[in-house]
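Chemist: Can you keep this structure in mind? I'll have questions shortly.
Nothing in this text is a laboratory measurement; each read-out follows from the coordinates by a stated rule. Predicted model only: the values in this text are computed from it and were never measured. Don't worry about glycine lacking a Cβ; one is built from the backbone with ideal geometry, like all the others, and counts go over all protein chains shown.
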Amino acid sequence: DAQQNKAKGARAAKDPPKDYLAAQYFLEDGRPAASAVAFKASGVAASRYLPGSKLPMVMLRGLFRVIADGFADDGTPIVAITGDKPVMWEAAVRNAKGTDLRYRARFNQWGASLQIEYNAALITPAQIANLFQTAGFHVGVGHWRPGSTVSNTGHLGTFRVVTEAAA
């Protein structure tokens, strides 16, 4: 149509509740979840904030993995999120066409128990914990997080490490 100079039709109206639900992951039992890959990516990205880190991010990607609690309908590996019930959050985001409204779940108080497999010959549990502590502060997970490549001004999605011994 664009090549024939035909007018574009009007955009369909947004359906905030539908968009809000579509932006979430759920385990088979209905519990809310987050992408396991997002946590791994957060840990890998955090390495740039560690002074003297000698492991390149490419190598770090192969040293550990976050074990999923299940899989989303689209096959994404996911981990359970615990805490407050999510609330719908409206965010104005910039994209190629200007500004758009997005509807996401915001968890005011949340947690996730991550099971992490790692290569013990190359990285220690203390190093993994430090990596994720750094990730929780500098990078985060989800929408409007501090480590977002788009804004890097957010404060949502931050976390801290609590080990089993301290829990």
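Chemist: DSSP loop (so not H, G, I, E, B), at most 10 other Cβ within 10 Å: list which chymotrypsin sites (Phe, Trp or Tyr not before Pro) in region 1-83 pass both filters. Display every interim value, and only then the final one.
Modeler: Numbers: sites: Y20, Y25, F26, F39, Y49, F64, F71; in loops: none.
Listed in order of number, the matching sites amount to none.
Chemist: Please list, by residue number, every one of the trypsin sites (Lys or Arg not before Pro) in region 1-83 that is coil in DSSP and has at most 10 other beta-carbon atoms within 10 Å.
Modeler: K6, K8, R11, K54
Chemist: Under a point spin-label approximation (7 Å from Cα along Cα-to-Cβ), what is the M88-A129 distance to one decimal in nm?
Modeler: 4.2
Chemist: OK, next. According to the square roots a ≥ b ≥ c of the eigenvalues of the Cα gyration tensor, what is the shape class of region 1-48, taking rounded for a/c under 1.5, prolate for a/b larger than b/c otherwise, and oblate for the remainder?
Modeler: Numbers: a/c = 4.23, a/b = 1.73, b/c = 2.45.
In terms of gyration-tensor shape, oblate.
Chemist: Note the angle between two axes, namely the Cα long axis of helix 36-46 and the longest principal axis of the Cα atoms of the chain, as a number of degrees from 0 to 90, rounded to the nearest 10.
Modeler: The angle comes out at about 70 degrees.
Chemist: Please identify the trypsin sites (Lys or Arg not before Pro) of region 67-114 that satisfy two criteria: DSSP loop assignment and at most 14 other Cβ atoms within 10 Å. Which are they?
Modeler: Working: sites: R94, K97, R102, R104, R106; in loops: K97.
Sites meeting the loop and neighbour criteria: K97.
Chemist: Considering the alpha-carbon set of the chain alone, what are its Rg and its Dmax in angstrom?
Modeler: When restricted to the Cα atoms of the chain, Rg and Dmax are 18.6, 66 Å.
Chemist: Assuming R0 = 41 Å, can you tell me the calculated FRET efficiency for the pair K54 and A10, based on Cβ-Cβ distance, to the nearest 0.05?
Modeler: That gives a FRET efficiency of 0.15.
Chemist: What is the pair-distance distribution P(r) of region 57-131, computed from all Cα-Cα distances in 5 Å bins starting at 0, with each bin given as a whole percent?
Modeler: Reading the bins upward from 0: 3, 12, 14, 14, 17, 15, 14, 8, 3, 1.
Chemist: Under a straight-distance cross-link criterion of Cα-Cα below 20 Å, which aspartates and glutamates are reachable from K85, leaving out those fewer than 8 residues away in the same chain?
Modeler: Straight-distance partners of K85: D19, E28, D29, D69.
Chemist: Also, I was wondering about something else. About its Cα centre, what dipole magnitude does the chain give when the only charges are +1 on Lys and Arg Cβ and -1 on Asp and Glu Cβ, stated in debye to the nearest 20?
Modeler: Numbers: 19 positive and 13 negative charges, 145 e Å.
Here the size comes out at about 700 debye.
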